Amino acid sequence: MLALAMVGPAQAATPNREAIQAQVEKRHDSAVKALQEWIALPSIAAEDRNSQQGAQYMARLAREAGFQHVEIVTTNGKPGVFATLDAGAPTTLGVYFMYDVKQFDPAEWSSPPLEGRMVDKPGLGKAIVGRGATNQKGPELAFLTALQAIRDAEQKVPVNLVLVAEGEEEIGSPNIKDLVLRPDVQDALKKSIGVFMPMGLQSADGSVTVNLGAKGVVELELVADGKAWGRGPEKDVHSSLKAMVDSPAWRLVKALDTLVSEDGNTVAIDGFPAPEPLTVAERVMIAKSTGMRDEATAKKVLGVPHWIDDLSWQKANERLVSQPTVNIQGLVGGYTGPGGKTILPHRAVAKIDMRLVPPMTRDGAVAALQAHLANRGFGDIAVNVSGGYDPTSTDPDSRLIQAQLAVLKRSGIEPLLWPRLAGSYPGFVFTQPPLSLPAGHFGLGHGGGAHAPDEFFLIESTNPKVQGFDGAVMSYVDYLYELGSASGEATSAK
């Protein structure tokens, strides 16, 4: 546990931090095993896989961590989990979990994706490799371990907790409101100062970026079908007939081309509102952050030689924060096996995600897309939305964020503020009415490969600036006590 000593000294509100840390170290092996066991149970909403089992397992983990009330909640989709921990504290904190993970192809992995194998990562240390390791089971298990360590050290949990866990985050959280806005769940969350999601936020160099919001997202399919179109074939036919038969595949391509500018980089959907311009404060945040990160390293990690329009490092990041996108995740149609098959497909599908920034909304984006296609003569192309949500924003002066900054600075880390995460999570359900709460992410530790092969979460760090699993656990201990401290009480819960 080389990196553990980097975590800062105890806050005054912590009765006995050393005792808690001793319990974290004592629990290390059992916690690692628990993470491996959780990885071995993949709940994949897109494949309708293990959702009931995943919710039941999540409920069990919550009970083991000390939540007194734990309930599996029925939604119009996959079940969620609602749990509360009453510590008799004056402060209540909301916690958001996801128990689902992305799909995986074992052939693309260097070790079995459900094994949770411990591997050596050069320059980092020992890490668990497995689907869900960093997104999001590793950080979530670290948070639950923090609660167990506080209890085992016979210390008092400094805040009350309200936990909501869903099983559909990876398909756009289509039923998150069924869980969070159920009257009793909503009432419990209204008592909180905000909602946070555990996350290993450290980069490989140990730096931490605190995100003040996230882009919204819409996931959907555009489907061109000969029967729905009334032209082209109703079943696949010989490709020689293209000379006299319309092609649904080409129709889809032509429709897709209208959604973006000629270079594919700017959204051109009719009726899309203009994105709000970056504020001076946001530009300052971006400039400071990009000045402390290495552009060449970022390009190497991503495998890209140029940014859009050959923009500078800072301008590319400003665009990352401020601009919406229309992205083609995949194109599916006709024959895709080895060699050729000389067919004219009757159906073609584009899997699309759209990232949204204020003032855009999920419903507004879908309505604009449907109207755009109809107005351009492509009204027959089906728009099948699978999920999505609005963008989020949180005040940097909120108690939720200020406590994060305080913990990081005591840990010897100068945090970087970032206006809006380019990725998405369903924080809108917390930040928008009726809850209108601050929401964000927090946690030390490092991981990588989310949504990709060889996803990992660092367990034992060889870099003293980067926390391993035990250091991640202690970051949650410190965060909880910071929120429950007298100094935290003096900060407004905006």
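Just so it is clear, none of the values below were taken in a lab; they were calculated from the coordinates. What you see is a predicted model; the values in this text were computed from it and never measured. In this analysis, Cβ positions are derived from the backbone assuming ideal geometry, glycine residues included, and neighbour counts consider all displayed protein chains.
General observations
- The chain: angle of helix 17-39 to the longest principal axis, Cα-based, in degrees nearest 10: 30 degrees
- Selection among G340, A255, S289 by position relative to the dipole of the stretch 199-354 gives G340 as farthest towards the positive end (Cβ unit charges, Cα centre).
- Acute angle (nearest 10 degrees) that the helix 138-152 long axis makes with the longest principal axis of the chain, alpha-carbon atoms: 20 degrees
- Helical mean residue ellipticity (222 nm; -39500 (n - 2.57) per DSSP H run of 4+; nearest 500) of the chain: -9500 deg cm²/dmol
- In a simple Cβ point-charge model (Lys, Arg +1; Asp, Glu -1; nothing else charged), the stretch 154-209 has a dipole of about 340 debye relative to its Cα centre.
- Within the chain, percent of DSSP bridges classed antiparallel, to nearest 5: 75 percent
- Full-extension gain in nm, K235 to Q56, via 0.36 nm per residue minus C-alpha separation: 60.1 nm
- Per the Kirkwood formula applied to alpha carbons, the stretch 242-312 shows a radius of gyration over Rh ratio, Rg over Rh, of 1.17.
- Whole-Hz couplings from phi, Karplus 6.51/-1.76/1.60, listed for the stretch 435-443; x for Gly and Pro: 7, 6, 9, x, 8, x, 10, 7, x
- Fewest-first sequence of T74, T279, T394 by Cβ atoms within 10 Å of each Cβ: T279, T74, T394
- Across the cross-link table entries K78/K235; K26/K137; K227/K254; K177/K409, which are compared at the Cα atoms, the separations over 24 Å belong to K78/K235; K177/K409.
- Taken one residue at a time, the phi angles of the stretch 387-400 give Karplus couplings (6.51, -1.76, 1.60, θ = phi - 60°) of x, x, 6, 7, x, 10, 8, 9, 5, x, 7, 5, 4, 4 Hz. Gly and Pro are set to x.
- Relative to the dominant Cα principal axis of the chain, helix 51-64 is inclined by about 10°.
- Cα centroid separation, the stretch 333-378 to the stretch 125-151 (Å): 37 Å
- Dipole of the chain, positive direction: furthest Cα of P305, Q68, N160, with charges on the beta-carbon: P305
- Each residue of the stretch 153-170 was assigned a 3J(HN,Hα) from its phi angle through the Karplus curve 6.51 cos²θ - 1.76 cosθ + 1.60 (θ = phi - 60°); the sequence is 7, 6, 10, 9, 4, x, 9, 6, 10, 10, 9, 10, 10, 10, x, 9, 4, 6 Hz, with glycine and proline shown as x.
- All lysines inside 23 Å of K300 as judged from Cα atoms, apart from same-chain residues fewer than 8 positions distant: K121, K126, K288, K315, K465
- DSSP-defined beta bridges in the stretch 71-207 - what % are antiparallel, rounded to 5: 60 percent
- Distant-in-sequence amide contacts of I343, defined by a placed amide H-H separation under 5 Å and a gap of 5 or more residues or a different chain, comprise S239.
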